[in-house]
Amino acid sequence: MDRLERNRLERLAQTLEKGKKITTMSLIELGWNERLSALFEPYRSGGLSPARVVAQHRGAYTVAGDMGELRAGVSGRFRHEAAGPAAYPTVGDWIALEPSGRRRGIIHAVLERSTAFVRKTAGALTEAQVVATNIDTVFLVVGLDGDFNLRRIERYLTAAWDSGASPVIVLNKSDLRDDLAGLVAEVESIAAGAPVVAVSARDGSNLDALRAHISPGGTAALLGSSGAGKSTLINRLLGEDRQATGPVRESDSRGRHVTSRRELIALPGGGLLIDTPGMRELQLWTEEESLGRTFEDIEEIAARCRFADCRHKEEPGCAIREALANRSLDPARFESYLKQRRELRHLELKKDVQARRQSEKAVGRKMAALMKDVKMRKPNYW
Ligand code: GDP
Ligand code: ZN
């Protein structure tokens, strides 16, 4: 960290008060930085203001910036030019805003995201849905009770790497176990370098080790299965300041008061936390690349197989089968790797089918138009 950066952080730390509400936060406290400032340059000259999406409602957003909090929707042009659902603003996004009076604003652009959590939407179509963006650190929360499962941790790691955020594995409910060092070591062996911290949200032990991974102006999120202790941890991180999680009261377009949950929360002592329903249960939606990263050791062994397209079944000179035989590769880990590969392939197939259906539909539409044309001139043909 150079001197300028340190000065900046010191100034920032001085301005941070315990439990500051997002309504009174400056851009820097919301995570504004040099990269964003450079990205925003063209919009600034167009007279727009930067702001961050703190909550999402049906078709509208609560955004926060230098002007405080206001409600905003996308411009007609944005809607017209949006490439797809993934292009629309999401909690965590930085946007170019045109304030339009009466605590209202128009969103003209979404700044390029540094990271994004993407999941497939519920339902038959495998359409990517952006769940949250610009998350720097993601805490993968695992309960040291029935929830503890190395394979599940591997899946969450894959999702984290896929998003671009840095994962930190949080073993919660440390109060229930006394073999912590062994458990941490076991998790470290599959963590591929991600930090592992054991904490107890219940008695508050070791929470500082967790807080150390959230920098002022940095954005964190919690991921993990239901019951792992995410809500309890969030309450701990917020301390007594429950205001930040309280409902936001605003007026909708018809002037009625509506309440909604704030999903980007300011932490006492600096830093932000994204807590959206989508983040809470993230379905597996990953690319081969991050699978390779989680299972780097397996890919390394497979690279030593005699045949490049080895299926690790009957092929001679298979390094994987050798590693399984001499126990240098854990069969459960290999099984987990195969399972993820199968799921990915399944997703790929679904995407293929979807693409084919769409092109069939396009052909169908053309045929229908042709038939209409034909029918109009029916007497000549039939
Ligand atoms: P979430 O679904 O991930 O948000 O989990 P919750 O925060 O609702 O916690 C689920 C259950 O685990 C609750 O009964 C909590 O009281 C309990 N719990 C959370 N943290 C701890 C902990 O550190 N130790 C113990 N023993 N229980 C915990
Ligand atoms: Zn092989």
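Assorted remarks:
- Residues whose amide H comes within less than 5 Å of that of Val118, counting only those at least five positions distant or on another chain, are Val131 (H built at 1.01 Å from N in the peptide plane).
- Across the stretch 102-114, rounded Karplus estimates of 3J(HN,Hα) from the backbone phi angles (6.51 cos²θ - 1.76 cosθ + 1.60, θ = phi - 60°) give 6, 6, 10, x, 10, 8, 9, 7, 10, 6, 3, 7, 7 Hz, Gly and Pro being marked x.
- Other-chain or far-sequence residues with amide H under 5 Å of Ala201's (modelled H): Lys173, Ser174
- Here the gap between Arg202 and Arg327, fully extended at 0.36 nm per residue and compared with their Cα-Cα distance, gives a gain of 41.2 nm.
- Arranged from fewest to most other beta-carbon atoms within 10 Å of their beta carbon, His108, His80 become His80, His108.
- Residues of the stretch 84-117 with an amide N closer than 12 Å to a point placed 7 Å from the Cα of Arg77 along the Cα-to-Cβ direction: 98, 107-109.
- Rounded to the nearest whole Hz, the Karplus-based 3J(HN,Hα) values (6.51 cos²θ - 1.76 cosθ + 1.60, θ = phi - 60°) of the stretch 177-193 follow the sequence 10, 10, 9, 4, 4, x, 5, 4, 4, 4, 5, 4, 5, 10, 7, 6, x, with x at glycine and proline.
- Ranked Glu296, Glu343, criterion: other C-beta atoms within 10 Å, fewest first: Glu296, Glu343
- Amide H contacts of Gly224 (H built 1.01 Å from N, under 5 Å, at least 5 apart or other chain): Val141, Leu282
- Ascending count of other beta-carbon atoms within 10 Å, so fewest first, for Lys339, Lys313: Lys313, Lys339
Coordinate-derived values only; no laboratory data. Not measured: the values here are computed from a predicted model. When we count neighbours, we look across all protein chains shown, and the Cβ atoms used for this are built from the backbone with ideal geometry, even at glycine.
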